[in-house]
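Note sheet for the following structure.
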Amino acid sequence: PRGSVAVLSACGVGDVAGSGSGSPLLIKLNELGIEAAIVSPFAVQGPVGARFAFHFANQILKARERRENASLTSLFQRAKTAFQSDDDAAPWKAAVGEFVLAGNGGLELCR
């Protein structure tokens, strides 16, 4: 439904100008109701994408437990901070900066 968010850990899907452009996929998702996506314009190693997705999902769970109407931007920033603090993600800490939030960051989590 409208207001949906996608977290895409596919290689370089956020590269909308390169030869392997992710534009067609992002346009199609937008047509289907995805209003925002967390993507990377660079190739991301599998463990980095998986670990970031874990932290993002965890931040959603925490916000729901607090019955908080957290914005997508806030959840994204919290996930990046949690990733940086994660000892298991130590080899990839710098890679979290490769993720970007595209679209409507003002979307709020439903309670």
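The values are calculated or read from the model by the stated rules, or taken from the named source; none is laboratory data. Predicted model only: the values in this text are computed from it and were never measured. Glycine also receives a Cβ, built like all others from the backbone with ideal geometry; neighbour counts cover every protein chain displayed. Heavy atoms of the whole protein, side chains included, go into the accessibility calculation; ligands, DNA and RNA do not. Shrake-Rupley method; radii C 1.70, N 1.55, O 1.52, S 1.80 Å.
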* Look at the range 52-78 and say how many of its residues are under 11 Å from the mean Cα position of the chain (by Cα), in contact (Cβ under 8 Å) with a residue 40 or more places away in the chain and open to solvent by 60 Å² or more (accessible area, probe 1.4 Å). => 0
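For the range 16-111, list the helices (runs of 4 or more DSSP H) that sit wholly inside it and hold at least 1 residues that are under 18 Å from SER4 (Cβ atoms) and modelled with pLDDT under 85; which are they?
Passing ranges, in order: 23-31.
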